[in-house]
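This report refers to the structure that appears directly beneath it.
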Amino acid sequence: MVQDEPTGDVVPAGGAPAPREKKPNVFARIALFIRQVFAELRKVVTPTRQELLKYTGVVLGFVVIMMAIVYGLDVLFVWLTAYVFGVPAAA
């Protein structure tokens, strides 16, 4: 096997196409998928209570900041629209 320069793919050295491997049946593929899912789930690390509280605070802080930015832009655009189009104030 040699690495192809333009694409970086690994190709056979002689230029002949590599023989294709036979695809397993649908049940074998499903079983393989489930085994891979469980293998990935074993790698998951559950955060400690302190980490969870810290992450929650960061997310809530970010959401509050984004809400403030959107609210400020909304107020600015309402004022700008009223100024440009001369909407009279309600009496």
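The values are calculated or read from the model by the stated rules, or taken from the named source; none is laboratory data. All values reported here derive from a predicted model rather than from experimental measurement. Counting neighbours? That spans all protein chains shown, and the Cβs are built from the backbone with ideal geometry, glycine included.
Residue under question is residue 50, and the condition is that it be surrounded by 10 or more Cβ atoms within 10 Å (Cβ to Cβ), within 26 Å of the chain's Cα centre (by Cα) and assigned to a helix (DSSP H, G or I); does it hold? Working first, answer last.
Details: surrounded by 10 or more Cβ atoms within 10 Å (Cβ to Cβ): no; within 26 Å of the chain's Cα centre (by Cα): yes; assigned to a helix (DSSP H, G or I): yes.
It is false that residue 50 is surrounded by 10 or more Cβ atoms within 10 Å (Cβ to Cβ), within 26 Å of the chain's Cα centre (by Cα) and assigned to a helix (DSSP H, G or I).
In the range 56-90, how many residues are modelled with pLDDT of 95 or more, aliphatic (A, V, I, L, M) and more than 22 Å from the chain's Cα centre (by Cα)?
6
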